[in-house]
Amino acid sequence: MSVSLTGKRAIVTGAAVGIGTAYAQALAAVGVHVAVCDVRPEIMALPDLLKRHGVQAAAWQADVSKPDDVRRVVDGTVEAFGGIDILINNAGVVWQTHPDDDLDKTLADYEAIVGTNLLGEFLMGRAVISQMLAQGSGGEIVNVATDHMVTCGSPFELCPKLPTCPWADAPRPTGGGDVMDLYDASKWGLNGLMFAWAKALRPHDIRVNSMCMGATDSWMIRDFFGYPQDRAEENDEQRETVDTWMAKEDTAQVVIELLQEGPSGRNAQNLNLCIGRPVCLEPALPHRYIKAETVDA
Ligand SMILES: NC(=O)c1ccc[n+]([C@@H]2O[C@H](COP(=O)([O-])OP(=O)(O)OC[C@H]3O[C@@H](n4cnc5c(N)ncnc54)[C@H](O)[C@@H]3O)[C@@H](O)[C@H]2O)c1
């Protein structure tokens, strides 16, 4: 059964560029009122585009790692829309970090990467969950994580081995690992939040799931690889690599289908979107880390 999202109220963090923009636009296209925030000033232009779908929209230039900014976004959304039904915790940053990095650099990296990817999602969750509980009408939280958590680099026995996966010896070798220790750690930390929140909030019809994204064409991945942002790939090697990436608009449709499952849908699941197989909502997986009865409807 597909639940209508029309009239629901959502926050999407980190929506000025990349995947967050696509998520915000996909939500607006199915009738969701959308509030967005980002550290980039360009975020203030997005509501006008979202409103073309006939929904309400609002934006804040805000940093999800700062509690005062988080409060401003959440209180502002409640004031603008009257409540919050959906939180998409998408804001994220990545750059290379190495196990032997200088200690001073390491602390700055930790504060920035863990600050956005883990603290930011934690603070947004804290602020939104209390609002959802006060409303008493359930809710949806979607954390945006990485496929490094569920396939690449995971212990072999935890790989879901989806029927559509092209990697015969899955999980394939990690795309991060030795140059992304902090990024991977920050995203693995989201597992802790997801499982704890899903279990605690199940009685209140609030679901918590994670989008474990593989390579998706966005500002972030182009910056990481040093590719042009304007899609003017410089050579065949770049073009071939970009061709393997997912389109953010396709991944946004998976989020919409996830939300359309409604309160009886999957819960506490890492949705595995790795490259090389169809970008679609896979069937729910068996629970491997927690007891199913604590998170299933
Ligand atoms: N693109 C990929 O291949 C890929 C793969 C795995 C996971 N992800 C995850 O998907 C999410 C979106 O990534 P993307 O590829 O669209 O990145 P992106 O860099 O293209 O967009 C991220 C947005 O988040 C914003 N942002 C960063 N820090 C912020 C903060 N502290 N507060 C508010 N906004 C902030 C940025 O300004 C930017 O607009 C991230 O969580 C990322 O880790 C992306």
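Just so it is clear, none of the values below were taken in a lab; they were calculated from the coordinates. Please read these numbers as outputs of a predicted model, since none were measured by experiment. So basically every Cβ, Gly included, is an ideal-geometry build from the backbone, and we count neighbours across all protein chains shown.
Numbers at a glance
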quantity	calculated
Cβ-placed point charges (K, R +1; D, E -1), dipole of the chain about Cα centre in debye, nearest 20	1280
Computed over the chain: relative contact order in percent, which uses C-alpha pairs under 8 Å that are six or more apart	19
In order through the stretch 62-74: 3J(HN,Hα) via Karplus (6.51 cos²θ - 1.76 cosθ + 1.60), integer Hz, x for Gly, Pro	7, 10, 5, 8, 10, x, 5, 5, 4, 4, 4, 5, 5
Other-chain or far-sequence residues with amide H under 5 Å of residue 141's (modelled H)	87, 207, 208, 209
Ranked packing of 194-204, 234-244, 208-218, most packed first, by mean Cβ within 10 Å	208-218, 194-204, 234-244
For residue 146, distant residues with modelled amide H under 5 Å away	213
Environment charge at residue 229 (Cβ cut-off 10 Å; Lys +1, Arg +1, Asp -1, Glu -1)	0
Label point at residue 40 placed 7 Å out along Cα→Cβ; residues across the stretch 216-233 whose backbone nitrogen lies under 12 Å	218-223, 229-230
Over 31 Å [Cα-Cα, the stretch 9-294], rounded percent	24
Within a Gaussian network of the chain (alpha carbon springs, distance under 10 Å), most fluctuating of 76, 189, 226	226
